[in-house]
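Student: What follows is a structure written as structure tokens; I'll ask about it next.
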Amino acid sequence: MALKHSSALPPETLRVFETMPQPYLILSPELYMLTASNAYLQLTGKTRAELAEHFLFDVFPKIPDWSHEEGGISFSLNTVLETHKPHQLPVMRFDIPSATDPLHVEERYWNTSHTPVLDAEGEICYIIHHTEDVTVQVIAERNLKASLEKETAAAARAENLSRQIEKLFDEIPAQIAIVTGPDLVYEFINPRYKTELFPNREVLGKPLLYALPEVAGEPIWDILQHVYKTGETMAGHEINIPLADEIGGPVKDHYFNYVYQAIRDEAGKITGVLSFKYEITELVLAKKRLEQNEQQLLALNRGLANANEEIQATNEEIQSANEELSATNEELFQAQRSMLRLNDELEERVELRSVELFNAQAEAAAERDRLKRFFMQVPTGICVLDGPDFIFELVNPSYQQLFPGRELLNKPLSEALPELEGTPIIDILKSVYYTGNTFEGKELLVPMARTKDGPIEDRYFSFIYQARYDADEVVDGILVFVFELTETILTRQKEKENEQRFRFLLNAMPQQVWTARPDGTLDYVNEVICDDFGQSMDQILGRRLQEFIHPDDQHISAQKWRAALQSGKEFMVEFRLKFHDGLYVWHLARALPLIENGHIRLWLGTNTNIEIQKNNEQKKDEFLSIASHELKTPLTSIKAFNQLMQRTTDGQKLSTFIQKSATHVLRLEKLISDLLDVSRLNAGKMEYNMEAFSFLDMLKDSIESVQQATTSHQIILEKAEDVTYTGDRFRLEQVVNNLLSNAIKYSPEADKVIVNCVIHPDNSLIVSVQDFGIGIEEKNLMRLFDRYYRVDNTAMRFEGLGLGLFISAEILKRHHGSFWIESKPGIGSTFFFRLLLDGAEKAEAIIRGDEFYQDSTLTLVYNKTHHRIDADWTGFQNLESVQQGCLRMLDMLQKNKVSKVLNSNIHVLGNWSEASDWGNNEWFPAMEKAGLRYFAWVYSPSVFSQLSAQKSIETLKGKISFSFFNDLEAAEEWIESK
């Protein structure tokens, strides 16, 4: 089948792209798909056959986002084709089939770029399409925004509730005040408290005794002090409080029914007293007038009875003394008239007293009606339970709304609300009824139904149960005041769950995340910050981020922070933060303000670790400086020799100048070749021609080539075995040439370089190049194979870009080889590399249950005596052998429930650094989760192996205790002490 594109790629290049770990798609200029990486196939759920040689939009049909005029895949590709320049798309959504259910799609967001690859004429050969799944980041940001919106809505609801409470206090037909502190300073009074009690006084902000000096020494002061000191709620009836209309004015008796309740802060400490009372002075005075009238009427009745007795005595005297009748007749007539007047006066007084009694009764009834109207109108649920059966005697509308449609009035509690039987509520009511003690419940859970046949719901209430007394001061009922807080409590619980999810999300983020108050003090940090700073959250909160910033960065950071505070705009700055180990690490800080009602409520910020980017920038700058110098030096020399050749006519000198100029040309060619190789490696375009060749011939050719270019050193091939090896001869010769050149360059005082090539018993080929030069310090060994890295020696500087060993390492990796160095400063260095030969057979592993495992690289034994695992690694190791052996050890640890490991590397050879990151990031965390607590590590004699071991645990933070040893005996002693 003919290709449908204009730019075909060699099969080797296609395979390079196919094996790259990132999702890449290679397109022709006509937008036909040439190939895709395995990561891209896995990401899109496609096979290579479905993509290869097909038009892009036949396989991935255009959707609106793809064909958008200002964005989308189509727009981006057209831009690249028109401009011949890379193009980066904004994050966009493109859903893909579900891995578990192909009929459904999963929400996905992508960060996509297109990069053209140009030929020598500047035309597009092909286009590299790279996409990155950023779904987790996008959804995390979306959830964060939603959480902040919910938090803002919750704050608005809380403010609205506060306004409703204030309105209730303003409109409730009672006098309400709040006093705070030991001096009981007036902090709040509602309008009725002001207008009905003290229209001519200003009491707010004043201590109670200063505002109302007349109450000093009165019982009411002692009651308030008792409530403030003990927290006990006090309620009373008809208490007399002498009050004056203004300070210094005449004192009048005022009577009140009252409830005084302690106010507590979040810690439960009493901060003040809530006063709730209503005045009943008129009712009390009417009762007193009625009692006086009754006493006067009783006195009149007694006078009338005495008068009747006197009349009776007079009649007896008349009957016994007729002779005195005429003399006393006038007196009798006068007495009768007096008696008539007395009777008339008595009837008038009785009638007057009856009217006064009727008026007093009517006034008392009106007061009862007014109180009942108050109960029926107040927005708080109020009911009266009568008798020991708790019969609903009064139910106001607010209480009835708690149970819509349920008949309550005149029914016992057990019949009206049967679901309360067997709950603590019944016991509490009985306690109040039989002891008279008031009970206050706050935010209690009471499972109840709203309607008669409705489901039982978890409902939350705050309520007060207060005993009601009859005329003989005997409890005959209970007054109930109740607020339902179900919605508030459930909202609070949801907010708490949202906060927990929010904190989990922030802790799951790899960046440092923090929030700060408007003044910059930290009020939340995620676990990343705690781990990085080595301090607990409590130790960090309340402090400023400035305290952790490098002194040299504090000025610019403070300057930008002040600017952000003044403008209310984004804060963004780069600075170094001090970590727990005392080292400063570069971070990019970015913070945004949450603004409400024109004011900053809080700052939400992140600190992203950019240490690697900073180091790369520094390396790049250093490399450009070195490259500029290294490229300029041979060019200058070539230019100088060319000028000399133009001026001379001496044939011998001319030959010398030509030879020296050629030497510098070769040097320049070598520098340019190294740069091109690095570029090819980065682009995945390094080509390898794998074929069988004589390794000994290649080695001799390399030695001969380097030997011809030097007269200062003799290169000695001490031992070499002839084997046929399958690989890229040119690239491996490049490795040997680089090692030989370095050996000569870095041993200026020596005169020889020794080369060996031997076959190891594990059927691998080991090549070594030994010099007798300056040597390398241990701290620099692991970095020698990094790009652009050059050891800085204070005694001398050597030419070169620091690329040779990096290129050599990449070539050896492509051949599945490894490399390492043995070196001592001032003595010299030996560079090794190892290649596997064809036909190597792995010995079959020996496994005995869960207690013994052995293969060619590892022996694992469950040590029953000491309840630990003993591990003995042998020979050369690589990523595959380390992963296989470590997973075997994890399985044995889990099955034998072991917490200690004695790990010996005494017999380990070479370098296994490619497995260090896997051990640090994956294996040791899994071992800790499985129960590992103590790990004794015995070093290999190989320095590279020792450095690999150290690198395996350098960033671990957890419960595992590590210790390194140079001998097995010391390691056993330590592990057994644990």
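The values are calculated or read from the model by the stated rules, or taken from the named source; none is laboratory data. Nothing here was measured: the structure is a model prediction, and the numbers come from that model. Because the Cβ atoms are built from the backbone with ideal geometry, glycine has one as well, and the counts that use them run over all protein chains shown.
Student: Please find, among Glu969, Glu973, Glu922, the residue that is exposed (fewer than 14 other Cβ atoms within 10 Å of the Cβ) and under 20 Å from Thr874 (Cα atoms).
Tutor: Details: Glu973 fails: under 20 Å from Thr874 (Cα atoms); Glu922 fails: under 20 Å from Thr874 (Cα atoms).
One residue alone meets the criteria, Glu969.
Student: Can you tell me which residue among Ser637, Ser655 is modelled with pLDDT under 75 and either hydroxyl-bearing (Ser, Thr, Tyr) or in the same structural domain as Leu805 (by TED's automatic domain parsing) (or both)?
Tutor: On the way: Ser655 fails: modelled with pLDDT under 75.
The conditions single out Ser637.
Student: Quick one: would you say Thr711 is of a type in the set (Val, Ile, Thr) and part of a loop (DSSP other than H, G, I, E, B)?
Tutor: Numbers: of a type in the set (Val, Ile, Thr): yes; part of a loop (DSSP other than H, G, I, E, B): yes.
For Thr711, the condition - of a type in the set (Val, Ile, Thr) and part of a loop (DSSP other than H, G, I, E, B) - is met.
Student: Please go through the range 47-73 and give me each residue that is at pLDDT 85 or above, out of contact with any helix residue (DSSP H, G or I) (no Cβ under 9 Å at 6 or more places or on another chain) and farther than 19 Å from Tyr126 by Cα, ordered by number.
Tutor: Across the range 47-73, the qualifying residue is only Ala49.
Student: Here are Arg933, Arg868, Arg834: which of them is touching a residue at least 40 places away in the same chain (Cβ under 8 Å), farther than 28 Å from Pro761 by Cβ and touching a strand residue (DSSP E or B) at 6+ places or on another chain (Cβ under 6 Å)? Walk me through it before giving the result.
Tutor: Values: Arg933 fails: touching a strand residue (DSSP E or B) at 6+ places or on another chain (Cβ under 6 Å); Arg834 fails: farther than 28 Å from Pro761 by Cβ.
Checking each option against the conditions leaves just Arg868.
Student: Just wondering, is there one or more residues in the range 88-108 that are of a type in the set (Asp, Glu), part of a loop (DSSP other than H, G, I, E, B), at pLDDT below 85 and under 23 Å from Tyr32 (Cα atoms)? Quick ask: steps written out before the conclusion?
Tutor: So in the range 88-108, the residues of a type in the set (Asp, Glu) come out as 95, 101, 106-107.
Narrowing the set further to residues that are part of a loop (DSSP other than H, G, I, E, B) leaves 95, 101, 107.
Pick out the ones that are also at pLDDT below 85 and you get 95, 101, 107.
If we keep only those that are under 23 Å from Tyr32 (Cα atoms) too, we end up with 95.
Within the range 88-108, one or more residues are of a type in the set (Asp, Glu), part of a loop (DSSP other than H, G, I, E, B), at pLDDT below 85 and under 23 Å from Tyr32 (Cα atoms).
Student: Cβ-Cβ below 6 Å, separation at least six or inter-chain, first residue in the range 35-49 and more than 15 Å from Asp95 (Cα to Cα), second among the hydroxyl-bearing types (Ser, Thr, Tyr): which pairs?
Tutor: Pairs that qualify, where the first residue is more than 15 Å from Asp95 (Cα to Cα) and the partner is among the hydroxyl-bearing types (Ser, Thr, Tyr), are Ser37/Tyr24.
Student: Against the definition (of a type in the set (D, E, K, R) and in contact (Cβ under 8 Å) with a residue 40 or more places away in the chain), how does Glu232 come out, yes or no?
Tutor: Working: of a type in the set (D, E, K, R): yes; in contact (Cβ under 8 Å) with a residue 40 or more places away in the chain: no.
The answer is no for Glu232.
Student: Quick check, is Thr488 closer than 26 Å to Arg142 by Cβ and among the β-branched types (Val, Ile, Thr)? Reasoning before the result, please.
Tutor: Working: closer than 26 Å to Arg142 by Cβ: no; among the β-branched types (Val, Ile, Thr): yes.
Criteria not met by Thr488.
Student: Just to be sure I understand, how many residues within the range 457-492 are among the acidic types (Asp, Glu) and over 18 Å from Gly236 (Cβ atoms)?
Tutor: From the range 457-492, those among the acidic types (Asp, Glu) are 457-458, 470, 472-473, 476, 484, 487; that's our starting set.
So of that shortlist, the ones also over 18 Å from Gly236 (Cβ atoms) come out as 457-458, 484, 487.
Selection size over the range 457-492: 4.
Residue-wise test of (1) surrounded by 15 or more Cβ atoms within 10 Å (Cβ to Cβ); (2) modelled with pLDDT of 85 or more; (3) in the same structural domain as Gln618 (by TED's automatic domain parsing).
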residue	(1), (2), (3)
Ala743	yes, yes, no
Val755	yes, yes, no
Val758	no, yes, no
Phe772	yes, yes, no
Arg787	yes, no, no
Met796	no, no, no
Ile807	yes, no, no
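Student: Quick check on the range 821-829. Is at least one of its residues within 30 Å of Ala750 (Cα to Cα) and aliphatic (A, V, I, L, M)?
Tutor: Pass one, the range 821-829, residues within 30 Å of Ala750 (Cα to Cα): 821-829.
If we keep only those that are aliphatic (A, V, I, L, M) too, we end up with 821, 827.
Within the range 821-829, one or more residues are within 30 Å of Ala750 (Cα to Cα) and aliphatic (A, V, I, L, M).
Student: If I filter the range 429-447 down to residues being without any contact (Cβ under 8 Å) to a residue 40 or more places away in the chain and part of a strand (DSSP E or B), which single residue comes out as farthest from Glu415 (Cα to Cα)?
Tutor: Looking at residues that are without any contact (Cβ under 8 Å) to a residue 40 or more places away in the chain and part of a strand (DSSP E or B), I get Lys442.
Student: Still on this structure: When the range 904-934 is examined, which residues are found to be touching a helix residue (DSSP H, G or I) at 6+ places or on another chain (Cβ under 8 Å) and outside any helix (DSSP H, G or I)?
Tutor: Ser904, Asn905, Ile906, Val908, Leu909, Gly910, Asn911, Trp912, Gly931, Leu932, Tyr934
Student: What are the residues in the range 862-887 that are in a helix (DSSP H, G or I), surrounded by fewer than 19 Cβ atoms within 10 Å (Cβ to Cβ) and at pLDDT 90 or above, if any?
Tutor: Correct list: Gln883, Gln884, Leu887.
Student: Can we say Gly875 is out of contact with any strand residue (DSSP E or B) (no Cβ under 9 Å at 6 or more places or on another chain), in the same structural domain as Leu956 (by TED's automatic domain parsing) and within 22 Å of Pro941 (Cβ to Cβ)? Quick ask: steps written out before the conclusion?
Tutor: Values: out of contact with any strand residue (DSSP E or B) (no Cβ under 9 Å at 6 or more places or on another chain): no; in the same structural domain as Leu956 (by TED's automatic domain parsing): yes; within 22 Å of Pro941 (Cβ to Cβ): yes.
No.
Student: Could you please find all residues in the range 907-919 being hydrophobic (A, V, I, L, M, F, W, C) and either buried (at least 16 other Cβ atoms within 10 Å of the Cβ) or in the same structural domain as Leu812 (by TED's automatic domain parsing) (or both)?
Tutor: Within the range 907-919, Val908, Leu909, Trp912, Ala915 qualify.
Student: Moving to a separate point now. Right, Arg834: more than 40 Å from the chain's Cα centre (by Cα) and modelled with pLDDT under 85 or not? Walk me through how you get there before you give the answer.
Tutor: On the way: more than 40 Å from the chain's Cα centre (by Cα): yes; modelled with pLDDT under 85: no.
No.
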